[in-house]
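Take a look at the structure below.
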Amino acid sequence: MQTVSLSGSLRENVGKKDAKKNRREFKVPCVMYGGKEQIHFVADEKTLMKIIHTPVAHIIKLEVDGKVHNTIVQDVQYHPVSDRLLHADLLQILPGKPVTIGVPIVLTGTAPGVLRGGKLIKKMRKLAVRAEMENLPDEVTISIDNLEIGDSVKVSDIKLENILLLDAPNNVVVGVRTARTVVEEVAPGAEAAAAAAAPAEGEKKAEK
């Protein structure tokens, strides 16, 4: 798995007042847990946003107070109106201890069913996997070269060495459906019946 670096500074105080002060200075209050103790720190908002929104999964080498920790993003909180990053939880990765992470799904190839008029439906963007750090993948690649109309790839079809897939085995990851166009057909004789039921223009005038 790819790694990225992030520097943080220990928080002098842990509280709402201190958190608001940090956010005004474009710093995000964060906490790292999973090890012997929790570490409360702040990180640069712009740098952290770039790390969170990268398209692949990665390990964050977090440097705080002169020490480097291997971590992954576990949870983030955003402001409901401005969408600014308010808080981030990072999980420390320890040797020999499996971790759970969402890994992006990447499709490769061309589905024959799509060439025959079908529609490719991607139902899952990420897979929840559990593995030790050295086995964590950047992404999960799935070939769609053999998908005909009506075919699909389920979680149970994906085989990854030394990695446990946590999503339900029957969940469909990607499939090809028939592209149907709804056409309303008039039943035979319907037009004639409608015409007979409606009085002619001349008859309406005569009745008047």
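Quick notes
- Rounded to 5, percent antiparallel among DSSP beta bridges of the chain: 70 percent
- Range of Cα positions in region 1-61 per principal axis (Å), largest first: 36, 29, 14
- Backbone phi angles across region 55-62, fed through the Karplus curve with coefficients 6.51, -1.76 and 1.60 (θ = phi - 60°), yield HN-Hα couplings of x, 10, 6, 7, 9, 9, 8, 8 Hz in residue order; Gly and Pro are listed as x.
- Beyond 20 Å, the tail of the calculated P(r) for region 61-116 holds 55 percent of the Cα pairs.
- Taking 0.36 nm per residue of separation and subtracting the current Cα-Cα distance, fully stretching the chain between Tyr78 and Asn135 would add 17.5 nm.
- Ordering of 9-15, 150-156, 99-105 by burial proxy (mean other Cβ atoms within 10 Å per residue, highest first): 99-105, 150-156, 9-15
- Computed extension length for Lys123-Arg177: 18.2 nm, one decimal, from 0.36 nm per residue of separation with the Cα-Cα distance subtracted.
- Separation of the alpha carbons by more than 18 angstrom is noted, of Lys61/Lys159; Lys21/Lys50; Lys122/Lys154, for Lys61/Lys159; Lys21/Lys50.
- Cβ-placed point charges (K, R +1; D, E -1), dipole of the chain about Cα centre in debye, nearest 20: 760 debye
- Scoring 74-80, 140-146, 125-131, 86-92 by mean Cβ neighbours within 10 Å over their residues and listing the highest first yields 86-92, 125-131, 140-146, 74-80.
- Between Leu86 and Gln77, Tyr78, His79, the built amide H atoms are under 5 Å apart, and every one of these is 5 or more places off in sequence or on another chain.
- The calculated FRET efficiency for the pair Asn146 and His53, based on their C-beta separation and a Förster distance of 41 Å, comes to about 0.80.
- Share of Cα-Cα pairs in region 1-111 lying beyond 17 Å, as whole percent: 55 percent
- Whole-Hz Karplus values for region 36-52 come out as 5, 8, 7, 10, 9, 8, 10, 9, 4, 4, 4, 5, 5, 4, 4, 5, 5 Hz, taken residue by residue from phi with 6.51 cos²θ - 1.76 cosθ + 1.60 and θ = phi - 60°; glycine and proline positions read x.
- Translational diffusion of the chain, µm² s⁻¹ [Kirkwood Rh, Cα pairs; Stokes-Einstein; 4 °C; 1.567 mPa s]: 60 µm²/s
- The alpha carbon centroids of region 1-56 and region 84-101 are separated by 12 Å.
- For Ile59, nonlocal amide neighbours, meaning residues 5 or more places apart or on other chains whose placed amide H falls under 5 Å from its own, are Gln2, Thr3, Val4.
Readers should treat all values here as calculations from the given coordinates under stated rules, not as data from a laboratory. Computed from a predicted model, the values in this text were never measured in an experiment. For neighbour counting, all protein chains shown are included, and Cβ atoms are generated from backbone atoms with ideal geometry for every residue, glycine included.
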